[in-house]
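Notes follow once the structure below has been shown.
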Amino acid sequence: MTPTHGCYTRMRNYVRKTDRGKTPSEVIERAIDVVLTEGRGITEVGEMFQIPRRSLARYVDKNKNVLPCKQKYGYSKIRQVFTDEEEAILEKIFASSSRYLFWIVTTGR
């Protein structure tokens, strides 16, 4: 919000000014693999894949101590418990079960 003569106006059209956090997870995984398997330096690999050095170091440290599973990198939805696929499955389950249990809710039993 920007002040204009004592009152505030809302931002109408937000334009993102940086590409921060937009690195695809496949690129990050390849960079981590290069650091861990080939033994190259984090700074060198970060420059090669255009990933900030500290971010790459954080990803490598996180990946060293975790079992091999799908890691999430970059920004994600705040407090997202289920993945988008799991949410779609749950929506189908709830929609189908609500048809069968509708009479319990409406009759108050």
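The values are calculated or read from the model by the stated rules, or taken from the named source; none is laboratory data. Remember, predicted model here, so these are calculated numbers, not experimental data. Cβ coordinates were reconstructed from backbone atoms using ideal geometry, including for glycine residues, and neighbour counts include every protein chain displayed.
Table for the structure above
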{"quantity": "Boolean, residue 57 is at pLDDT 85 or above and of a type in the set (A, V, I, L, M, F, W, C)", "calculated": "yes"}
{"quantity": "Any hit, region 86-97, residues being modelled with pLDDT under 85 and among the hydroxyl-bearing types (Ser, Thr, Tyr)", "calculated": "yes"}
{"quantity": "Cβ pairs under 6 Å, 6+ apart, first in region 11-25 and touching a residue at least 12 places away in the same chain (Cβ under 8 Å), second assigned to a loop (DSSP other than H, G, I, E, B) and exposed (fewer than 10 other Cβ atoms within 10 Å of the Cβ)", "calculated": "21/75"}
{"quantity": "Residues of region 62-85 satisfying the condition of being within 19 Å of residue 42 (Cα to Cα), at pLDDT 80 or above and either polar (S, T, N, Q) or surrounded by 11 or more Cβ atoms within 10 Å (Cβ to Cβ) (or both)", "calculated": "62, 63"}
{"quantity": "Contacts under 6 angstrom Cβ, first residue in region 40-51 being among the small types (Gly, Ala, Ser), partner buried (at least 18 other Cβ atoms within 10 Å of the Cβ), 6 or more apart", "calculated": "46/56"}
